[in-house]
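First the structure, in the form of structure tokens, and then the observations on it.
The values are calculated or read from the model by the stated rules, or taken from the named source; none is laboratory data. The model shown is predicted, which means the values in this text are computed figures rather than measured ones. For neighbour counting, all protein chains shown are included, and Cβ atoms are generated from backbone atoms with ideal geometry for every residue, glycine included. Accessible surface is based on the protein model in full, side chains and every heavy atom, while ligands, DNA and RNA are left aside. Shrake-Rupley method; radii C 1.70, N 1.55, O 1.52, S 1.80 Å.
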Amino acid sequence: MKRLEREGYPVISGPEAVIEILEERLSVQVGFARALDTLVKRLAETEALRYENRAGEQLRGELQAWMKVNEQVAKLGMDYVKIGLDERKVRLAEAQAAILLGVIDAVIRRLELSSDQKRIAAVVIPEELERVSIEGS
């Protein structure tokens with residue numbers, strides 16, 4: 001709470017930010033699930049998934065947490081696919097690319113390049129865009 005008071009609430013605005021936060025949350029949940037996989041596997045190997053106490057036989061908290069986290073991972077993953085976030089990401093990337101190409105085209109027109117310079121630009125621009133997309137991957 002102190003950190004939240006100090007840093008404030010994160011700003012999540014627009015579809016890209018929503019997709020990013022959902023992917024980040026899914027990653028966190030998968031990380032928890034994998035960490036708990038190890039604990040539950042050890043408990044299963046020693047047949048210690050349950051224990052006895054005053055109230056009778058109980059499931060271990062680790063197993064209960066593992067079951068809940070796996071349920072959350074499955075739900076968030078299904079929701080992600082169901083609402084088409086992967087498709088939306090592609091559409092966002094396509095829209096951004098169209099804007100970028102429009103800007104590049106406008107800059108080239110304003111520079112009043114010679115025919116030779118336009119031919120060079122027609123080769124160099126796609127090469128550089130491809131280079132950047134490869135480096136970003």
Quiz item: Name the pairs whose Cβ atoms lie under 6 Å apart, with the first residue in segment 20-39 and more than 24 Å from Val90 (Cβ to Cβ) and open to solvent by 80 Å² or more (accessible area, probe 1.4 Å), the second at pLDDT 90 or above and part of a helix (DSSP H, G or I), and 6 or more positions between them or separate chains?
Solution: Phe32/Val69
Practice problem: Examine segment 14-25 for a residue that is charged (D, E, K, R), part of a helix (DSSP H, G or I) and over 14 Å from the mean Cα position of the chain (by Cα), and state whether such a residue exists. | Solution: no
Quiz prompt | Qualifying positions in segment 93-137 - among the hydroxyl-bearing types (Ser, Thr, Tyr) and either surrounded by 10 or more Cβ atoms within 10 Å (Cβ to Cβ) or outside any helix (DSSP H, G or I) (or both) | solution = Ser114, Ser133, Ser137
Quiz item: Restricting the search to segment 1-19, which residues are within 28 Å of Gly61 (Cβ to Cβ) and open to solvent by 60 Å² or more (accessible area, probe 1.4 Å)?
Solution: Met1, Lys2, Arg3
Practice problem: State all residues of segment 33-54 that are assigned to a helix (DSSP H, G or I) and either farther than 29 Å from Gly77 by Cβ or aliphatic (A, V, I, L, M) (or both); if no residue qualifies, say none. | Solution: Ala33, Ala35, Leu36, Leu39, Val40, Leu43, Ala44
Quiz item: What about Glu57, is it in a loop (DSSP other than H, G, I, E, B) and open to solvent by 90 Å² or more (accessible area, probe 1.4 Å)?
Solution: no
Quiz item: Among the residues of segment 69-92, is there at least one that is part of a helix (DSSP H, G or I), open to solvent by less than 100 Å² (accessible area, probe 1.4 Å), in contact with a Phe, Trp or Tyr (Cβ under 6 Å, 6 or more places away or on another chain) and on the phi < 0 side of the Ramachandran plot?
Solution: yes
